[in-house]
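Below: one structure, written as structure tokens.
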Amino acid sequence: MSIKPKDFVPAKPHARVSTGEVIQILREKKGWTQEELAKRSGMHANNISLLENDRVDIGKRRAEQLAKAFGVHPAIIMFPEYEAAEIKKAA
């Protein structure tokens, strides 16, 4: 079986939320404060606030830390526009 570039189609965005909004949504659905998420992820609460307000970029390491705390795949946090269905499941 040969796969050709024309066999692929671009993914379509499903949601219009930012990474910060996803973090906040998941945190609030769990009933956690920013301090609680900070403890569970090994991050500082100030960084959680900065991330939720989209003041800093998430980066791979932070996405992995948060994903582990939430019990989700890091792509759900890093690429919310493509993972809307998974966000709904996780929340």
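Does region 1-20 hold any residues that are within 13 Å of residue 79 (Cβ to Cβ) and either open to solvent by less than 100 Å² (accessible area, probe 1.4 Å) or hydroxyl-bearing (Ser, Thr, Tyr) (or both), and which are they?
If the condition is that a residue be within 13 Å of residue 79 (Cβ to Cβ) and either open to solvent by less than 100 Å² (accessible area, probe 1.4 Å) or hydroxyl-bearing (Ser, Thr, Tyr) (or both), then 11, 13, 15, 17, 18, 19 are the ones that fit.
For region 57-66, which positions are open to solvent by less than 50 Å² (accessible area, probe 1.4 Å) and modelled with pLDDT of 95 or more?
Of everything in region 57-66, those that are open to solvent by less than 50 Å² (accessible area, probe 1.4 Å) and modelled with pLDDT of 95 or more turn out to be 63, 65, 66.
Which count do you get for residues in region 9-66 that are of a type in the set (Gly, Ala, Ser) and closer than 18 Å to residue 81 by Cβ?
6
Those residues that are closer than 18 Å to residue 17 by Cβ and either modelled with pLDDT of 95 or more or exposed (fewer than 13 other Cβ atoms within 10 Å of the Cβ) (or both), I need them from region 35-55; list them, please.
Correct list: 37, 48, 49, 50, 51, 52, 53, 55.
The values are calculated or read from the model by the stated rules, or taken from the named source; none is laboratory data. Small disclaimer: the values here were computed from a predicted structure and weren't measured. Counting neighbours? That spans all protein chains shown, and the Cβs are built from the backbone with ideal geometry, glycine included. Just the protein is used for accessible areas: all its heavy atoms, side chains included, with ligands, DNA and RNA removed. Shrake-Rupley method; radii C 1.70, N 1.55, O 1.52, S 1.80 Å.
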